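Reviewing the structure listed below.
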Amino acid sequence: MKCLLDATSVKVLARAIHCLAKIGDELHIEPTENGLTLKTVNASKSAYSAFNFHLPFFLDFCHISENTVQADPDEDTVIKCKLPMKSILSVFRSIGSLDKSVETCTITLPLLEALLIIEFKCKHGIVKHFNLRYFECESVEAEFCKNGYASKFSCSSRFYSETLLSFHSSTQEVTWSLAMDQVHLSNHIDDEVDPSKCVRTEVTLAKDEFVDFNVALCTQVTFCLKELRAILAFAEALKLDLDCRMEGAGQPVLFSLEKTDLYSADFLLATLTPNLDSTATSSRTINNQKKNDVPPQSDVSKHSSPVPILRNKADSRTVSCANLQTTLMPNVPESPCHTSRLNSLSLIEPQLFPAMEDNLDFEMQPPPPKRARARYIFQNCLKATQEVREVSCEVFAPDSEGDE
């Protein structure tokens, strides 16, 4: 792959990398015929993000990697790789400095060098060259249908950011309650914590404040706020509208944004399971019943819809249809103490190396313990007497002390 970007595109690319760095620890790079795709998945597999940069975004773009060592047209191929997020951040660390100094940027993925080569041509003839080591792997994709969601609403990213300013910086999860004419936001409080000792924040957004508002299912969805802040930081800097698509509780939320003909981005966030959400709701209603003698009321809407699935693109031919139709969120048994509240997206990890043949019977022997290795290495030292080898040689002088 080889692409050329101008100063404006470099700034957008840097902001996209900063956004992905706040979500995951590894950056997946996948060149295609239609442009360049950057993806990441967080450690808990509860958030998936993908930026798609289209051909008009680049001054020049070629998705095929050429053999730089020995030119051979038959060996040209497309490289799909990943690299640590810290290494790519070291190149695009300061967005303001890139905007002021960089004129053009060239990104190259040669075939036989296993390096991501980034070259900045700055003002006053200064050229900066970076070589980043990458790991070749298969592509990871999320299969989802934007038309399969029951509810969709969109508004400016600045409006979302101003709304989230009402919540404390330590707030980790936010509950979105959808109604036919409004959206209600509130900070999520676990059932283990006494609600009377926590600060409760609630914000109501009217229907007229949205650019597009289409809610077909009234439901409550709870997801993490960290990834949403990263999305808003990118969208607000570029003054983009943010589309939100939601389904029932326990099913992932899809945020998407788009710049016409230049780039687009999709963010898939996992939500709380209905069991955990209903358990927390029922416990709070029971506490309120004891205090106010009000009968509990619980209404959990259940709606079946196609669920997004994360899969390995290279293994799609071998995966059965039954596995592809499995639901994304596993059933979590109810228990008084939950260690993991958010669902995990069903992700098949990329393979760094090809799988071994099934007909090979190869058993991996575990390494011996440290004490056993030390005993084997120093076995002669641990013996009571060392072995003395008999050497046949002429004796010039007998022993001074003889046997009496």
For this session: Kindly list the number of the only condition in (1) of a type outside the set (Ser, Thr, Tyr); (2) surrounded by fewer than 21 Cβ atoms within 10 Å (Cβ to Cβ); (3) within 29 Å of Phe267 (Cα to Cα) that fails for Glu103.
Result: (3)
For this session: Evaluate the following for Ser177: is it modelled with pLDDT of 90 or more, outside any helix (DSSP H, G or I), within 22 Å of Lys39 (Cβ to Cβ) and in contact with a Leu (Cβ under 9 Å, 6 or more places away or on another chain)?
Result: no
Exercise. Just one of Ile286, Ile231 is surrounded by fewer than 17 Cβ atoms within 10 Å (Cβ to Cβ) and either among the β-branched types (Val, Ile, Thr) or at pLDDT 95 or above (or both); which is it?
Worked result: Ile286
For this session: Test each condition in (1) open to solvent by less than 60 Å² (accessible area, probe 1.4 Å); (2) modelled with pLDDT of 90 or more; (3) touching a strand residue (DSSP E or B) at 6+ places or on another chain (Cβ under 6 Å); (4) not charged (D, E, K, R) for Cys155 and report the one that comes out false.
Result: (3)
Problem set entry | Subset of region 162-208 that is touching a helix residue (DSSP H, G or I) at 6+ places or on another chain (Cβ under 7 Å) and over 20 Å from Thr271 (Cα atoms) - its residue that is most open to solvent (accessible area, probe 1.4 Å) | Asp181
For this session: Assess whether Leu59 counts as being over 23 Å from Glu143 (Cα atoms), open to solvent by 40 Å² or more (accessible area, probe 1.4 Å) and at pLDDT 90 or above.
Result: yes
Exercise. Among the numbered criteria (1) without any contact (Cβ under 8 Å) to a residue 24 or more places away in the chain; (2) in contact with a Phe, Trp or Tyr (Cβ under 6 Å, 6 or more places away or on another chain); (3) not acidic (Asp, Glu), which single criterion is violated by Ser196?
Worked result: (2)
Exercise. Can you name the condition, by its number, that Val140 falls short on among (1) under 21 Å from Asp25 (Cα atoms); (2) in contact with a strand residue (DSSP E or B) (Cβ under 7 Å, 6 or more places away or on another chain); (3) modelled with pLDDT of 90 or more?
Worked result: (3)
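The values are calculated or read from the model by the stated rules, or taken from the named source; none is laboratory data. Worth saying up front: this structure is predicted, and the values here are computed from it rather than measured. Quick reminder, even Gly has a Cβ in these numbers, built from the backbone with ideal geometry, and neighbours come from all protein chains shown. Surface accessibility is based on the protein's heavy atoms, side chains included, excluding ligands, DNA and RNA. Shrake-Rupley method; radii C 1.70, N 1.55, O 1.52, S 1.80 Å.
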